[in-house]
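The values are calculated or read from the model by the stated rules, or taken from the named source; none is laboratory data. Bear in mind the structure is a predicted one, so any value in this text is a computation, not a measurement. Don't worry about glycine lacking a Cβ; one is built from the backbone with ideal geometry, like all the others, and counts go over all protein chains shown. Just so you know, the surface numbers come from the protein's heavy atoms only, side chains and all, with ligands and any DNA or RNA stripped out. Shrake-Rupley method; radii C 1.70, N 1.55, O 1.52, S 1.80 Å.
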4 protein chains.
Amino acid sequence: MRRKRQGPYLEHRTQVRVRFQEVDALRVVWHGHYLSYFEDAREAFGERFGFRYQDFLAAGLLAPVVETQCRYFLPARHGDTLEICARLYPCEAARIEFGYHVRRSHADLLAEGRSVQVFTDLDWSLCLTLPELARRFYQRWQGALVVPDA
Amino acid sequence: MRRKRQGPYLEHRTQVRVRFQEVDALRVVWHGHYLSYFEDAREAFGERFGFRYQDFLAAGLLAPVVETQCRYFLPARHGDTLEICARLYPCEAARIEFGYHVRRSHADLLAEGRSVQVFTDLDWSLCLTLPELARRFYQRWQGALVVPDA
Amino acid sequence: MRRKRQGPYLEHRTQVRVRFQEVDALRVVWHGHYLSYFEDAREAFGERFGFRYQDFLAAGLLAPVVETQCRYFLPARHGDTLEICARLYPCEAARIEFGYHVRRSHADLLAEGRSVQVFTDLDWSLCLTLPELARRFYQRWQGALVVPDA
Amino acid sequence: MRRKRQGPYLEHRTQVRVRFQEVDALRVVWHGHYLSYFEDAREAFGERFGFRYQDFLAAGLLAPVVETQCRYFLPARHGDTLEICARLYPCEAARIEFGYHVRRSHADLLAEGRSVQVFTDLDWSLCLTLPELARRFYQRWQGALVVPDA
């Protein structure tokens, strides 16, 4: 990954079942579907912590994805249950940075990824400073942050 | 098909290339993707004849799909170029009925399908009579209708 | 539906969460994704009762879908949890017939559908009689069949 | 992008039409679909220059994707025709590196991306040196390489 984030993070794990139609002619999950798994994980994260698209909209905000990245280590197969671990790294800039780890049965690391979102208003104009909604969100969950070992 | 439509129709053919990611573990196109091909064909039809979602919206109309059907005869494979033939059957009721034929290289019939849409206003309330937009559309293309042999 | 099946059936219910990326510009689930939900339901059914693609393969069989049908009554939206009820109707012919009901929160009926699969050998040659695997499967679960009221 | 490739490249442009079902609730193409566009571009490239999955398979090779990256600048919308420019950067290592640019009507740069594939044998064992197939391919098209300005 370009910038391996090191700071404190808020984490949520969600499970995804590989669908028959997500597997390609080589009998492994087509690589593009991992961005679906990341979206699922982001959504589960948003529901767990109260940080959903709907909450953004209610505050007059959109949060379009402006960057994604994924590295693939081992293939996932039909019937696999995957655990997607999503970590949000709070930051002062007006952006949302997630890191992802995809594991099979809490074991093999299949892939890791990263996404960056920005905040815009409902007319897609970029927010230059961190919106109040995000600031309050970070404060609310300060105590739940995981601080990685030095 | 439940009701094999027999009346005059307006026809448009469009080509679709089978994508790698549309092929499943059995190395054939996963059956659900045919509804994508039908959507593509409907859209190409709309552009050819001036009967697009955007035209509906501009007239205060939506046209949600309320029924789909597909029969599969032969599998499509990665690399195939498919010809989707879409036929619109004008009718007096406030609905849009399409029939579809999927062929490989103008030859083998791989599948045939059918879709029904209704008209609603922008609040999803059902239109009980044929909207003016559709009436004018049918009149405009009356001369282009194909009348099947008896 | 063309042929509303009336006989005894084997039933399994599974839950599906509507993904953000399954919702279209009208903010409802794009109609084609219901075939994904049916596939998910069929797979959950296969796992519950021991009637999976893998079981077919191990017996030298494929079970391609040869017909699908869906009727849409009410739209599903982002964030909805859907219950897909899949009913298998055992029959003497060498085919698998499923019926589906899609409900939101055990309540509103959003859609109903149907799929037909045939059995083939691994070279895609049609099985003309019911394979032993299916016969034994029907016998095994005879006691679990639900007999609808007359 | 992590490593902005600077060397000579082989280029192919392909056009993709945004499908109705690729647009999300915000009426823009859901970001994950760009990996589909990249796959389409890679496939068109492979057909143009003779560097397709089928060619790899015939030589006993697979070429799984091990890394993807995408940056999104402007949203694509329903009805847009996108031009995907794919550039292959030949290298001595046993990997395939592509860069992508997504433009609307040869104008606005909507997104840029990158993918890395490795070569493996048919049992997914990594090739440690550049396969003969790739070496011959690079030699064959040496004269077609575009050398960027210093």
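Only residues that are farther than 11 Å from D:Ile84 by Cβ and hydrophobic (A, V, I, L, M, F, W, C) were counted across the stretch D:95-121, and they come to 6. For the stretch D:37-71, residues that are of a type in the set (Ser, Thr, Tyr) and more than 14 Å from D:Gly99 (Cα to Cα) total 1. None of C:Ala93, C:Ala111, C:Ala41, C:Ala76 is touching a residue at least 24 places away in the same chain (Cβ under 8 Å) and facing chain B (nearest Cβ under 10 Å) except C:Ala111. D:Glu83 passes every criterion in (1) in contact (Cβ under 8 Å) with a residue 24 or more places away in the chain; (2) open to solvent by less than 10 Å² (accessible area, probe 1.4 Å) apart from (2).
Conditions tested, residue by residue: (1) of a type outside the set (Lys, Arg); (2) open to solvent by 30 Å² or more (accessible area, probe 1.4 Å); (3) assigned to a strand (DSSP E or B).
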residue	(1), (2), (3)
D:Leu26	yes, yes, no
D:Tyr34	yes, no, no
D:Phe38	yes, no, no
D:Arg48	no, yes, no
D:Leu57	yes, yes, no
D:Leu74	yes, yes, no
D:Pro90	yes, yes, no
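Residue pairs whose Cβ atoms lie under 6 Å apart, separated by 6 or more positions or on different chains, with the first residue in the stretch A:122-150 and under 20 Å from A:Ala86 (Cβ atoms) and the second among the charged types (D, E, K, R) and not in a loop (DSSP other than H, G, I, E, B), are A:Val146/A:Glu11. The residues of the stretch D:59-72 that are within 22 Å of D:Thr129 (Cβ to Cβ) and either within 8 Å of chain A (Cβ to nearest Cβ) or open to solvent by 20 Å² or more (accessible area, probe 1.4 Å) (or both), listed by number, are D:Ala59, D:Gly60, D:Leu62, D:Pro64, D:Val65, D:Val66, D:Glu67.
Among residues of the stretch B:44-56 that are more than 12 Å from chain D (Cβ to nearest Cβ) and of a type in the set (Ser, Thr, Tyr), none has a beta-carbon under 8 Å from a residue that is open to solvent by less than 10 Å² (accessible area, probe 1.4 Å) and outside any helix (DSSP H, G or I) at least six positions away or on a different chain.
Table: residues versus (1) modelled with pLDDT under 95; (2) at negative phi; (3) in contact with a His (Cβ under 9 Å, 6 or more places away or on another chain).
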| residue | (1), (2), (3) |
| --- | --- |
| B:Ala58 | no, yes, no |
| B:Val66 | no, yes, yes |
| B:Gln69 | no, yes, no |
| B:Glu83 | no, yes, yes |
| B:Ser105 | yes, no, no |
| B:Thr129 | no, yes, no |
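Looking at the stretch B:127-144 only, could you name the residues that are part of a loop (DSSP other than H, G, I, E, B) and open to solvent by less than 50 Å² (accessible area, probe 1.4 Å)? Don't jump to the end; show me each part of the working.
Keep residues of the stretch B:127-144 that are part of a loop (DSSP other than H, G, I, E, B), which gives B:127-131, B:141.
Residues satisfying the conditions are B:Cys127, B:Leu130, B:Pro131, B:Trp141.
Looking across the stretch B:96-108, the residues that are under 22 Å from B:Tyr72 (Cβ atoms), without any contact (Cβ under 8 Å) to a residue 40 or more places away in the chain and in a strand (DSSP E or B) come down to B:His101, B:Arg103, B:Arg104.
Only residues that are farther than 23 Å from B:Val65 by Cβ and open to solvent by 30 Å² or more (accessible area, probe 1.4 Å): list them for the stretch C:106-126, please. Scanning the stretch C:106-126 gives C:His106, C:Asp121, C:Leu122, C:Asp123, C:Trp124, C:Ser125, C:Leu126. The test for being more than 30 Å from A:His78 (Cα to Cα), part of a loop (DSSP other than H, G, I, E, B) and more than 7 Å from every other protein chain (Cβ to nearest Cβ) does not hold for B:Gln15.
Please indicate, with yes or no, whether at least one residue in the stretch A:9-18 is β-branched (Val, Ile, Thr), surrounded by fewer than 22 Cβ atoms within 10 Å (Cβ to Cβ), within 16 Å of the chain's Cα centre (by Cα) and over 22 Å from B:Trp30 (Cα atoms). Among the residues of the stretch A:9-18, at least one is β-branched (Val, Ile, Thr), surrounded by fewer than 22 Cβ atoms within 10 Å (Cβ to Cβ), within 16 Å of the chain's Cα centre (by Cα) and over 22 Å from B:Trp30 (Cα atoms), which makes the answer yes.
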